[in-house]
Amino acid sequence: MKIVRFTTGFATEYGVLYEDAVIGIEGSPFEAVKETHRHYRISDVRLLPPCVPSKVVALGVNYRSHAKEMNDRPPDEPLLFIKPPSSVIGPEDKIIYPPSSKRVDYEGEIGVVIKSLARQVSREEAGQHILGYTCVNDVTARDLQAKDKQWTRAKGFDTFCPIGPCIETDLFPFSLKLETYLNGELKQQAHAGQLIFPVEELVSFISHVMTLLPGDVIATGTPEGIGPMQPGDTIEVKIEGIGTLRNYVVKPEDSSNKE
Ligand code: MG
C-alpha cells in the first residue's frame, strides 16, 4: 500500500495512492487504514510530504563506499544528527540554494517512517514500529559542513529535506534499491543490504537515545556518488517499488513552495 498526504487546494488529508488515483482515508495512516468514498484523480491533487515528522533522524556514514569517498572510517556505532522539521518539503517542491553556501550536494537515502511510539525497543521489536519506507534527499551545504564542527547549519536549511512521494508499507527493508539522478544522469546506486547498520538496528539504537513518534523519519545514510547541484538542476531519488522523489534547485528569488 502506498500512503500519501495531499491537498486538493482546500483540505489536507492522507490517502492511498493508486496508478492514476488517490483515495482518501479515515483519520491517520498510523492506525488501521480505512478507505473512504473520496476518490481523486492524481492530476487533481498536489502531493505533500507523506508524513509530518517531529524530527528527521539522519545517519552520518552508513555505507562503506561513502566512508571511502569521504576519506572517513566507518563508525563503530551509528552516527546520528537531526534535520529540523522546518527543512522538510514534498515531491516536486523547490530546494532553495542558500546564498551563504557555495556547494550544495544531493544525498539520496532510504527513509524509514515510524508507525508507533518507540522507546528503548529491541532489534526484534523494531519492525512493529515501522509504517513503511520512502525516499529522502539529505541535502547538504558541503562547504558549511566542513567549516562547522556541528552539522546543524549545513543540514538544516529550509527545504533541505525532501521526502516522498509516498510511504510504501509492503516492502522488506533488505530488498530496497536506491538510485539518485541529477538532470536524468545516474549518480548513486545502492541497496539496503549494503547499510553498515541495518534498518532494525537503527530503530533500536535511536530509540535508546530518543523516543521516536509516529511520522518520524530516519534517513539511513547516503552511498557513494554524492555531488553538487546548481540552481536550475532537477534532482531525483528513486527507490524501486516506492517511486521517484523529484525536486528542483532554485535561487532564493525563484522560490515559491506553498507549505
Ligand atoms: Mg546523509
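Can you give the charge dipole size of region 49-254 about its Cα centre, rounded to the nearest 20 debye, using +1 on the beta carbon of Lys and Arg and -1 on the beta carbon of Asp and Glu?
On the way: 21 positive and 28 negative charges, 103 e Å.
Dipole magnitude for region 49-254 comes out near 500 debye.
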Work from the charge dipole of region 141-252 (Cβ charges, +1 for Lys and Arg, -1 for Asp and Glu, about the Cα centre) and give the residue of L144, Q188, G215 farthest towards its positive end. L144
Difference of contour (0.36 nm per residue) and Cα-Cα distance, L186 to Q230: 14.2 nm
At what distance in nm do the modelled label points of H208 and F172 sit from each other, each positioned 7 Å from its Cα along Cα→Cβ? 2.6
Quick one: which of 161-172, 29-40 comes out on top by average Cβ neighbours within 10 Å, and what's the full order, highest first? 161-172, 29-40
Semi-axes of the equivalent ellipsoid for region 2-47, please: Cα gyration tensor eigenvalues, times 5, square-rooted, ordered largest first, whole Å. 16, 11, 9
Between Y40 and E240, take the C-beta separation as r, use R0 = 30 Å, and let me know the FRET efficiency to the nearest 0.05. 0.70
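Just check region 183-259 against the gyration tensor rule for me: Cα atoms, a ≥ b ≥ c as the square roots of the eigenvalues, rounded for a/c under 1.5, and otherwise prolate or oblate depending on whether a/b exceeds b/c. Intermediate results must be reported in sequence, preceding the final value.
Details: a/c = 2.44, a/b = 1.51, b/c = 1.61.
Here region 183-259 falls in the oblate category.
Please report the antiparallel percentage of the DSSP beta bridges confined to region 49-254, to the nearest 5. Don't skip to the end; give the middle numbers.
Numbers: 41 of 49 bridges.
Of the beta bridges lying entirely in region 49-254, close to 85 percent run antiparallel.
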In debye to the nearest 20, how big a dipole does region 1-153 give about its Cα centre with +1 on each Lys and Arg Cβ and -1 on each Asp and Glu Cβ? 460
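Estimate the FRET efficiency between S256 and D143 by the formula 1/(1 + (r/R0)^6), using the beta-carbon distance for r and 22 Å for R0, to the nearest 0.05. Write down the numbers at each step before the final one.
Working: r = 26 Å, r/R0 = 1.18.
Taking R0 as 22 Å, the efficiency between S256 and D143 is 0.25.
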What whole-number value in cubic angstrom gives the convex hull volume per residue for the C-alpha atoms of region 49-254? 102
Sort 75-81, 136-142, 235-241 for me by packing, meaning the mean count of neighbouring Cβ atoms within 10 Å per residue, highest on top. 136-142, 235-241, 75-81
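Read-outs throughout are calculated quantities, based only on the coordinates presented, and are distinct from any laboratory measurement. Keep in mind it's a predicted model, so treat the numbers as computed, not measured. No Cβ is skipped: glycine too gets one built from the backbone with ideal geometry, and neighbour counts run over all protein chains shown.
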